[in-house]
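Participant: This structure is in structure tokens; I'll ask about it shortly.
We did not get these values from a lab; they are worked out from the coordinates using the rules stated. Note that this is a predicted model, so its numbers are computed, not measured. Backbone-built Cβ (ideal geometry, glycine too); neighbour counts: all protein chains shown.
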């Protein structure tokens, strides 16, 4: 896989508080995957092959200051996201949040962050190269594929590149109308603006709303050949996926599960797989920087 300059990391570093940015730059950003900030404890940097603890960086209030800076000083506007435990930085980096929530009718309201997990988005041209044979019929028509894995294994990176390749086309198949239901603004990295990441020249993006709503709206408004979305997570998502399938639209999606047995213990995945919504179900594993896809029908392929 070829990483083409890390625009998400550039956007992230631009927004970071100076003390944190300098510490991360000094520690090195090559193969950096996560920055974990915990109040009163050293900042933890997780790389693909190691970790570093910044023992000299224990700053009171660093978590809150970082969250405020990454929200571009508009944390109050991001309240809905924070209710879900995260916010997404322009460029696609996702910031998971833990801390104090207070009761607020049906859903607790975010009050104070004591831990932040900043996951570095990456753009790898070619990440989906060996996936494409699963996504395209010999006739050039797209197929519906579900990618399953545990969190943090690279599903979003592969989906992003699959969207680009389906959209741009190749010598073998024509470029397709691709629509991305990007609830967390991670796939295209736009966060309400023009996508920062390359998702293809024939791709339309809808972000900032629930993926089920986005899928239904995209079907009505953009007449896509393919819908790409990340992390199907409930029955509402499943119903929207079934609707897309019934409309003759291919769906390329991901969900959390480490095996078919785990997937089938989730009612919404059981519904999708049992109803034949997906023509292929693939399992994604990661070994260092190497991603391996296994199909329930075909031998493992390396990405």
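Participant: Just the number, please: percent antiparallel of the DSSP beta bridges in the chain, rounded to the nearest 5. The partial results should precede the final answer.
Facilitator: Working: 36 of 58 bridges.
The answer is about 60 percent antiparallel.
Participant: If N is the number of residues in region 126-199, what value comes out of its Cα radius of gyration divided by 2.2 N^0.38 Å? Can you show the working numbers first?
Facilitator: On the way: Rg = 12.6 Å, N = 74, 2.2 N^0.38 = 11.3 Å.
Compactness ratio reported: 1.12.
Participant: A further question on this structure: In Å, what is the Rg of the alpha-carbon atoms in the chain, and how long is Dmax?
Facilitator: 19.3, 60
Participant: Arrange the following residues from fewest to most other Cβ atoms within 10 Å of their Cβ: 211, 50, 107. Don't jump to the answer; show the numbers that get you there.
Facilitator: Numbers: 211 26, 50 8, 107 11.
With the fewest neighbours first, 211, 50, 107 line up as 50, 107, 211.
Participant: Which order results if 245, 259, 144 are arranged by neighbouring Cβ count within 10 Å, fewest first?
Facilitator: Values: 245 19, 259 11, 144 22.
Least crowded to most crowded, the residues run 259, 245, 144.
Participant: What percent of all Cα-Cα pairs in region 1-160 falls in each 5 Å bin, counting up from 0?
Facilitator: Answer for region 1-160: a P(r) of 1, 8, 16, 19, 17, 14, 10, 7, 5, 2, 1, 0 percent.
Participant: What value, in deg cm²/dmol to 500, does the helix sum -39500 (n - 2.57) over DSSP H runs of n ≥ 4 give at 222 nm once divided by the residues of the chain? Please report the intermediate quantities before stating the final value.
Facilitator: Numbers: 10 runs with 88 residues, N = 303.
Here the helix-only value at 222 nm equals -8000 deg cm²/dmol.
Participant: In whole Å, largest first, what are the principal axis extents of the Cα atoms in region 77-155?
Facilitator: 54, 26, 24
Participant: Working from Cα positions, state the angle (0 to 90°, nearest 10) between the long axis of helix 155-168 and the longest principal axis of the chain.
Facilitator: 50 degrees
Participant: Please list the equivalent ellipsoid semi-axes of region 1-62, computed as the square roots of five times the alpha-carbon gyration tensor eigenvalues, in descending order and whole angstrom.
Facilitator: Numbers: eigenvalues 90, 39, 15 Å².
Sorted largest first and rounded, they come to 21, 14, 9 Å.
Participant: Viscosity 1.002 mPa s, temperature 20 °C: give me the Stokes-Einstein translational D for region 124-302 in µm²/s, with Rh taken as the Kirkwood radius over C-alpha pairs.
Facilitator: On the way: Rh = 15.9 Å.
Rounded to a whole number, D works out at 135 µm²/s.
Participant: To test your reading of the geometry: what angle, between 0 and 90 degrees and rounded to tens, separates the Cα axis of helix 211-222 from the longest principal axis of the chain?
Facilitator: The answer is roughly 50 degrees.
Participant: Let me ask something else about it. Compute the long axis of helix 18-27 from its Cα atoms, compare it with the longest principal axis of the Cα atoms of the chain, and write down the angle in degrees, 0 to 90, nearest 10.
Facilitator: 70 degrees
Participant: Next question, about the same structure. Would you list 16, 132 from fewest to most Cβ contacts within 10 Å? Spell out each step's value before the answer.
Facilitator: On the way: 16 20, 132 15.
Starting with the residue having the fewest Cβ neighbours, the order is 132, 16.
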